[in-house]
Every structure is written in structure tokens, then in C-alpha cells.
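Asks: Structure in C-alpha cells, see below.
Taken together, the values in this text are just the output of simple stated rules run on the coordinates, not laboratory data. Quantities reported herein were computed from a predicted structural model and do not represent experimental measurements. Glycine gets a Cβ as well: all are built from the backbone with ideal geometry, and neighbour counts include every protein chain shown.
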Amino acid sequence: MIPSVTDLPRLTEDALSESSPNDHPSTGPGPGEQGPGDYGRGVLRVHELGREDGPTLVLLHGLSDSGLCWPDAVRRWCHDYRIVAPDARGHGQSPRFDVATSGSNRFDDMVDDAVCLLEALADQGHDAPVLVGHSMGAGVAGTVLATRPDLGRAAVLEDPPWVSGLRSDAPDTIQEWARGFRDNCDAAAAAGKIEHPLWPDTELAPWAVSKAHLDPSLTDRKQIARARPWIEVAAAITRPTLVVTGGREEVILVTALSRERLAGLGNREIEVGVVPGAGHTVRRDNAEAYHQIVDPWIRKQFATAVS
């Protein structure tokens, strides 16, 4: 049976402040959460968490995740920041892609959705946010920052798809993998715990449920690949940007070769942090090391005036 998105832990400030990192509070759309149609092109499901009066973090998740797939980070950030976490199109409770109009590549659709969300936040009078993205979401955040620097103060990019050299990926089996979560989500989450023993326990339930709700039309990672070379995107970034990747070269995207190319750009707005022993999901693989790098950097960005 496919679990409901409302079976996920509620990530409101109240629930998090009353629970330990290992608790799974009761779920459902909670106070302070925005429903479909509040932002973007009138369609995205947006989860609004943390402090209403805090500076804003916009969290952009990776492929097959959802806006609820940041529980450990939200636990750490909710008392200081207003957190806006959309479900990307084709993910979570956001609408599926229209196969008649989306074409074979959906990356531009996701960038457009993020721009509309950020424009809506700006229209509400909020100061420019810090964007925090992972993988697909980091690719979107980097592109937004390169093309619309007026919409973001800075960005944290967790292992964005800035890939250099040849990759020997196996044929894509996204939907075959997702089917296991649809068939038995609890078993898939339990298997995930064995496969990723260092992940915070709170990460597993939303991670598993999000896979069960992945848009069936998303069948290949090439559908979310940007057309513009990533090095051009990086060169065009004019806002402070922290790229955080892991030390496991065999599973990360921003490898030593990509980092060498980044250094060669000479873009002083971009800095890179490497977490030893972590893979592609840095914030889960080594949460403490990730936050030791990221949290003070975010505080510094909000303490600096936007030019």
C-alpha cells in the first residue's frame, strides 16, 4: 500500500521542540504550513516551518525526495529561521508533470517553479533568502542564483550535479526502485536503515514515503539535467555560494576533477567544503560535520548586507 504524505512526521517548530531527534511525531499539515496554490505558478505544495519572524531559508530537495525530507536540518534550524520547503513538481504533494507540455527535459520547469516561488516571497516583502539545495535542488538553486541574483542572498549547494568526466552509471531504474517503496514502504525504510546506518533516524520515514509518491513519468535522470554546461552556471554566480560535497569519490557528483575546474574559474563567490567519509547525501551521511560547515556560514550570510 502507498503511504499517505500525511503519514510523515510533522516538521513544525512546536513538534520539533517537544521531541527528540529520534521521535516521529504525529503527522498532517500543521499550523504555519502553506497549501497548494500559495506560491509558484499556483500549484506547488509548500511546507512553511520554523519561526514566522526569522530570516528565510528556502530548501530545494533532490530527485525522488520531497519538501519534508529535511527533518534533521529543520530540527537544527527551526528556532532561528523561517523555513520554506516546496515539493518540487512531480514530487510529494505537488502536481505531476504534464507529459504533453513538459517535453523530455523538466529542468527548466523546475527552475521556473523556483523563480515563481521566490518572486512570490519577494512580493510579500520578505528579505532575500538563503537557498539550500541538494543534488537536483542544488542544480536548480545554482541556476537561479546565476540568472536571478536578485531573488537570493546566497546559496548552499549540497553535491550539485556539477559532474566532470565520464561516469559509468548503470541504466536508469528510478521507477523500478520506487516501486519497492510503493509496494512496502515500511520494509524499504527498514532496508534503508541497514544500508545507511549513520543517517539520523528521523530521515528514514520521509525519505521512504517520498519515493512512493514520485511522479511515474520521471523515469530517467536525464529528464532533470540542465542544458547549459554547469561550469558556465558556476562562472555566472555573483552571490556567495557554498558547495558542500563528500569525500567518497565513487559516489559523489562534485568530484576532485570538478573541484579543480571550479578553482580554475577564480570565482571568489564560490567556496567548497568536503566532508570526509560522506557520500552524495552529505547532510545525512555525516550530519554533524555538515552542520559544522554550513550553519556558521549561513549565519554569516544573514549578518552581511546584500549589495
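Asks: Determine which lysines satisfy two conditions relative to LYS222: a Cα distance under 20 Å, and not lying fewer than 8 residues away in the same chain.
Replies: LYS211
Asks: ³J(HN,Hα) across the range 270-287 via Karplus (A = 6.51, B = -1.76, C = 1.60, θ = phi - 60°), whole Hz, x for Gly/Pro?
Replies: Ordered by residue, 3J(HN,Hα) equals 9, 10, 10, x, 10, 9, x, x, 8, x, 5, 9, 4, 5, 8, 5, 8, 4 Hz.
Asks: For a label point 7 Å from the Cα of ASP220 along Cα→C-beta, name the residues of the range 106-120 whose backbone N is under 19 Å from it.
Replies: 106-110
Asks: May I ask for the distance between the Cα centers of the range 251-305 and the range 49-75, given as a whole number of Å?
Replies: One Cα centre to the other: 18 Å.
Asks: Taking the Cβ of LEU265 as the centre, find all other residues whose Cβ is under 14 Å away and add up their charges (Lys, Arg: +1; Asp, Glu: -1).
Replies: Values: positive: ARG259, ARG261, ARG268; negative: GLU232, GLU260, GLU269, GLU271.
So the surrounding residues net to -1.
Asks: Which order do peptides 157-163, 201-207, 117-123, 224-230 fall in by mean Cβ count within 10 Å, highest first? Present the calculation step by step, with values, prior to reporting the outcome.
Replies: Values: 157-163: 25.6, 201-207: 21.7, 117-123: 17.4, 224-230: 15.3.
Averaged packing, sorted descending, gives the order 157-163, 201-207, 117-123, 224-230.
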